[in-house]
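The values are calculated or read from the model by the stated rules, or taken from the named source; none is laboratory data. Just so you know, these numbers come straight off a predicted model, no measurement behind them. Glycine gets a Cβ as well: all are built from the backbone with ideal geometry, and neighbour counts include every protein chain shown.
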């Protein structure tokens, strides 16, 4: 009756791409040819790049404030839609409240929301950022900050 059944080949867990949450500045370094910083490409290579809802809002705000044409705005929206986005859930809001209670006079709310998106996941996501103030959060919460 034929040969033995073989299980399909699967990549070992160690070889699976790991997610990486991008701070807004890193998203811009990776996607804006005028502001490109190649060292961030090496950090992102082979990773599943994830955005927070805050980064989406910040990028769109920059486009609208910059008077982008409808065509350029549509291109930016299309590019943003290519990424998985962490939404503002109850769990994210709860983590934001914890972070804001501790850091509200030191770190802006948008960055606290981004850190909350990373920390509210079942396995906290590492955060790629060029902003040093995330190090203060990492010193007190299980946030892993990634830089070149």
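Summary of values
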read-out	value
Whichever residue in the stretch 1-30 is modelled with pLDDT of 95 or more and part of a loop (DSSP other than H, G, I, E, B) and, among such residues, is farthest from residue 112 (Cα to Cα)	18
Qualifying residue in the stretch 31-50 (condition: under 18 Å from residue 110 (Cα atoms) and either at pLDDT below 95 or not in a helix (DSSP H, G or I) (or both))	yes
Pair list, Cβ under 6 Å, 6 or more apart: the stretch 119-132 residue at pLDDT 95 or above, other residue part of a loop (DSSP other than H, G, I, E, B) and surrounded by fewer than 20 Cβ atoms within 10 Å (Cβ to Cβ)	119/141; 124/142; 126/144
Subset of the stretch 84-98 (residues that are buried (at least 16 other Cβ atoms within 10 Å of the Cβ) and within 12 Å of residue 55 (Cα to Cα))	86, 88
Condition broken by residue 113, with the remaining ones in (1) farther than 21 Å from residue 37 by Cα; (2) surrounded by fewer than 19 Cβ atoms within 10 Å (Cβ to Cβ); (3) touching a strand residue (DSSP E or B) at 6+ places or on another chain (Cβ under 9 Å) satisfied	(2)
Subset of the stretch 111-148 [in a helix (DSSP H, G or I) and more than 15 Å from the chain's Cα centre (by Cα)]	135, 136, 137, 138, 139, 140
Residue within the stretch 60-69 that is surrounded by 10 or more Cβ atoms within 10 Å (Cβ to Cβ), in contact with a strand residue (DSSP E or B) (Cβ under 8 Å, 6 or more places away or on another chain), modelled with pLDDT of 95 or more and not in a loop (DSSP other than H, G, I, E, B) present	no
Subset of the stretch 99-110 (residues that are assigned to a helix (DSSP H, G or I) and surrounded by 12 or more Cβ atoms within 10 Å (Cβ to Cβ))	99, 100, 102, 103, 109, 110
Of residues in the stretch 133-148 being free of Cβ contacts under 8 Å to residues at least 12 places away in the same chain and more than 19 Å from residue 19 (Cα to Cα), the one surrounded by the most Cβ atoms within 10 Å (Cβ to Cβ)	135
Failed criterion for residue 83 (all others in (1) part of a helix (DSSP H, G or I); (2) touching a strand residue (DSSP E or B) at 6+ places or on another chain (Cβ under 7 Å) hold)	(1)
